[in-house]
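Notes follow the structure.
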Amino acid sequence: MTRIWVEKISRDVYVLRIDDSRTRFFESLWSIPEGITYNAYLLASPKYTVLFDGWKAWYSEDFLETISTIIEPRSIDYIVIHHMEPDHTGSLPRILGVSREATVLGHPMSKTMLKEFYGLEPRFKPVRNGETFSLEGLTLRFIHAPWLHWPETMMTLLEEEGILFTGDAFGGYSIPSSLFDDDESLVEWYMRYARKYLATVIGHYRQHVVKAVEKLSSMDVKPRILAPAHGLIWRRSPETIVSKYVSWAKAEPQPGKITVVYGSAYGSTETMVKLAVKILGKAGCSVVTYKYTDLEEGSLSDLLGDALDSAALVIGASTYEAGILPSIRRMVEELAWKTAAPKPVLVLSSYGWGGVAGKKIAEILGKAGFNVVEVVEARGMPSDEEADRIMDAAGRLAEACGEKA
Ligand SMILES: Cc1cc2nc3c(=O)[nH]c(=O)nc-3n(C[C@H](O)[C@H](O)[C@H](O)COP(=O)(O)O)c2cc1C
Ligand SMILES: [Fe+2]
Ligand SMILES: [Fe+2]
């Protein structure tokens, strides 16, 4: 169900949130049965009206109608774009068709993109990093935050109200049952979706989260409220999401958490993986498993979230047409691209006549920066000697679980 939320988050600012449970694959890639929200914000002071971001094109009419419940859309003075990705700008052609007098404020690159993406050439004021913009008693301060998530990304601080509009940063998937982080159990439920969002959407550029947080502190930006473009708004404890985002961006391990991913058509690779998992279980590791079999399809999107804060990984895939079993090849490539960190990895692989998958997986993950501790390749089922090697290696991996709380 498409639900629309309109609520004041401060004296002059409203959040306009729409719940999207229709999108199955965000960016045509990431499976999100949990859904996603688009959060736009509207500053409606007695003197000025400023819109921050928008909704996906599907919801253009809903967006216009929702704005109309608060103000006359024609009267919008400024529209701030935090980045040009169409999940937030898709509704702009409709809005700018009505709000003809509005001036768009954004990164200099956004001007060109507005023309190239939508054929739009509105009044446009490019803003520099650190620049402030006064609206008689209200001050907008712009902070460039490149690669969170596009090169032209910025955030805006509404100084007098202490609200930082952060765009994608500090956002998450899912459709939370509240707008705010007030309820601790809701926050606990939400965190896996924020981590999954960071891993899948910002993943490859995640070191920029650390840079942006350092930049905010060097610019002495200490917001009271963090207002992201997806998911929960942080007013009870903004520092909670900031510190989690930094920790995930650094791929810091949760002690004892081991993510296992494997594909197995006929059970040989699965037998190898199960030998390792048994050892890990005995050592007290908490094992999260994603598998591709004839009964199950593990979610690549959820896997990336779990891999990010794991202490170690186990990867299993048979050799398939002189390469890696395709389902797992895709996972390995994305793990390398988005979650790489110097964490121990055990690679297990079965083959029929000439094994190559194990070596290829080790090469991809090793090059990306993982620490491949062992590769075991078995013809068909593992021999006793191969089983011993697997259990030995798993024992070494389990050292990562030593500090488990
Ligand atoms: C479509 C297909 C292609 C395969 N290609 C290769 C190959 O190129 N080289 C090889 O050594 N084995 C190949 N195999 C054999 C599997 O690697 C072997 O049967 C392995 O034990 C399967 O592991 P599993 O039981 O975990 O599925 C192929 C198997 C299938 C079904
Ligand atoms: Fe984005
Ligand atoms: Fe977004």
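Test Ser350 against the stated conditions and say whether it is in contact (Cβ under 8 Å) with a residue 60 or more places away in the chain, within 16 Å of ligand 3 (Cβ to nearest atom) and either within 26 Å of Glu27 (Cα to Cα) or not acidic (Asp, Glu) (or both). Please lay out each step first, then the result.
On the way: in contact (Cβ under 8 Å) with a residue 60 or more places away in the chain: yes; within 16 Å of ligand 3 (Cβ to nearest atom): no; either within 26 Å of Glu27 (Cα to Cα) or not acidic (Asp, Glu) (or both): yes.
Considered against the rule, which asks whether it is in contact (Cβ under 8 Å) with a residue 60 or more places away in the chain, within 16 Å of ligand 3 (Cβ to nearest atom) and either within 26 Å of Glu27 (Cα to Cα) or not acidic (Asp, Glu) (or both), Ser350 comes out as no.
Looking at the stretch 353-405 only, could you name the residues that are surrounded by 18 or more Cβ atoms within 10 Å (Cβ to Cβ), touching a residue at least 40 places away in the same chain (Cβ under 8 Å) and among the aliphatic types (A, V, I, L, M)?
Ala357, Ile361, Leu365, Val376, Ala378, Ile390, Ala393, Ala394, Leu397, Ala398, Ala400
What's the total number of residues in the stretch 259-271 that are closer than 20 Å to Asp388 by Cβ and either in contact with a His (Cβ under 8 Å, 6 or more places away or on another chain) or buried (at least 24 other Cβ atoms within 10 Å of the Cβ) (or both)?
Number satisfying all stated conditions: 3.
Is it the case that the stretch 204-216 has a residue that's more than 16 Å from ligand 1 (Cβ to nearest atom), basic (Lys, Arg) and in a loop (DSSP other than H, G, I, E, B)?
From the stretch 204-216, those more than 16 Å from ligand 1 (Cβ to nearest atom) are 204-216; that's our starting set.
Now narrow it down to the ones that are basic (Lys, Arg): 206, 211, 215.
Among the residues that remain, those that are also in a loop (DSSP other than H, G, I, E, B) are: 206.
Yes, there is a match, as at least one residue in the stretch 204-216 is more than 16 Å from ligand 1 (Cβ to nearest atom), basic (Lys, Arg) and in a loop (DSSP other than H, G, I, E, B).
Could you check His82 against (1) more than 22 Å from Pro46 (Cα to Cα); (2) out of contact with any His (no Cβ under 9 Å at 6 or more places or on another chain) and say which number it fails?
Here His82 meets the rest and fails (2).
Within the stretch 11-68, can you find the residues that are free of Cβ contacts under 8 Å to residues at least 24 places away in the same chain, within 12 Å of Ile95 (Cα to Cα) and among the polar types (S, T, N, Q)?
Ser68
Every residue, every condition in (1) over 19 Å from Val277 (Cβ atoms); (2) in a loop (DSSP other than H, G, I, E, B), yes or no:
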{"position": "Asp294", "(1), (2)": "yes, yes"}
{"position": "Ser301", "(1), (2)": "yes, no"}
{"position": "Leu304", "(1), (2)": "yes, no"}
{"position": "Ser310", "(1), (2)": "no, yes"}
{"position": "Leu313", "(1), (2)": "no, no"}
{"position": "Arg330", "(1), (2)": "yes, no"}
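In the set Arg94, Arg74, Arg22, which member is of a type in the set (Lys, Arg) and buried (at least 16 other Cβ atoms within 10 Å of the Cβ)?
Just one listed residue meets the conditions, Arg94.
Across the stretch 85-108, what is the total count of residues that are within 14 Å of ligand 2 (Cβ to nearest atom) and over 11 Å from Phe124 (Cβ atoms)?
6
Let me spell it out: the conditions are (1) modelled with pLDDT of 95 or more; (2) surrounded by fewer than 24 Cβ atoms within 10 Å (Cβ to Cβ); (3) touching an Asp or Glu at 6+ places or on another chain (Cβ under 8 Å); (4) farther than 30 Å from Ile163 by Cα, and Pro255 meets all of them except one. Which number is the exception?
(1)
Which one of Ala145, Ala199, Ala227 is within 30 Å of Arg24 (Cβ to Cβ), hydrophobic (A, V, I, L, M, F, W, C), within 14 Å of ligand 3 (Cβ to nearest atom) and touching a helix residue (DSSP H, G or I) at 6+ places or on another chain (Cβ under 9 Å)? Show your work before the answer.
Working: Ala199 fails: within 14 Å of ligand 3 (Cβ to nearest atom); Ala227 fails: touching a helix residue (DSSP H, G or I) at 6+ places or on another chain (Cβ under 9 Å).
Result of the check over Ala145, Ala199, Ala227: Ala145.
Is it true that Thr153 is touching a His at 6+ places or on another chain (Cβ under 8 Å), farther than 20 Å from Arg235 by Cβ, in contact (Cβ under 8 Å) with a residue 12 or more places away in the chain and buried (at least 23 other Cβ atoms within 10 Å of the Cβ)? Full working, then the answer.
Numbers: touching a His at 6+ places or on another chain (Cβ under 8 Å): yes; farther than 20 Å from Arg235 by Cβ: yes; in contact (Cβ under 8 Å) with a residue 12 or more places away in the chain: yes; buried (at least 23 other Cβ atoms within 10 Å of the Cβ): yes.
It is true that Thr153 is touching a His at 6+ places or on another chain (Cβ under 8 Å), farther than 20 Å from Arg235 by Cβ, in contact (Cβ under 8 Å) with a residue 12 or more places away in the chain and buried (at least 23 other Cβ atoms within 10 Å of the Cβ).
Select from the stretch 180-203 the residues that are in contact with a strand residue (DSSP E or B) (Cβ under 8 Å, 6 or more places away or on another chain) and either assigned to a loop (DSSP other than H, G, I, E, B) or within 16 Å of ligand 1 (Cβ to nearest atom) (or both) and list them in ascending order.
Residue satisfying the conditions is Asp181 alone.
Restricting to the stretch 309-351, give me the number of residues that are within 13 Å of ligand 1 (Cβ to nearest atom) and at negative phi.
Pass one, the stretch 309-351, residues within 13 Å of ligand 1 (Cβ to nearest atom): 315-329, 348-351.
The next check asks that each one be at negative phi; those that pass are 315-320, 323-329, 348-351.
Total meeting the criteria: 17.
For the subset of the stretch 332-347 comprising residues that are in contact with a Leu (Cβ under 9 Å, 6 or more places away or on another chain) and in a loop (DSSP other than H, G, I, E, B), which member is farthest from Thr200 (Cα to Cα)? Lay out the reasoning, then the answer.
The initial filter retains those residues of the stretch 332-347 that are in contact with a Leu (Cβ under 9 Å, 6 or more places away or on another chain), namely 332, 334-336, 338-341, 343-347.
Then drop every residue that is not in a loop (DSSP other than H, G, I, E, B), which leaves 339-341, 343.
Values: Thr339: 9, Ala340: 13, Ala341: 15, Lys343: 19 Å.
Out of the qualifying residues, it is Lys343.
Among Arg235, Arg206, which is within 16 Å of ligand 2 (Cβ to nearest atom) and closer than 26 Å to Gly35 by Cβ? Even if it seems obvious, please write down each step before you answer.
Working: Arg235 fails: within 16 Å of ligand 2 (Cβ to nearest atom).
None of the other options fit; the residue is Arg206.
The values are calculated or read from the model by the stated rules, or taken from the named source; none is laboratory data. These numbers come from a predicted model, not from an experiment. For neighbour counting, all protein chains shown are included, and Cβ atoms are generated from backbone atoms with ideal geometry for every residue, glycine included.
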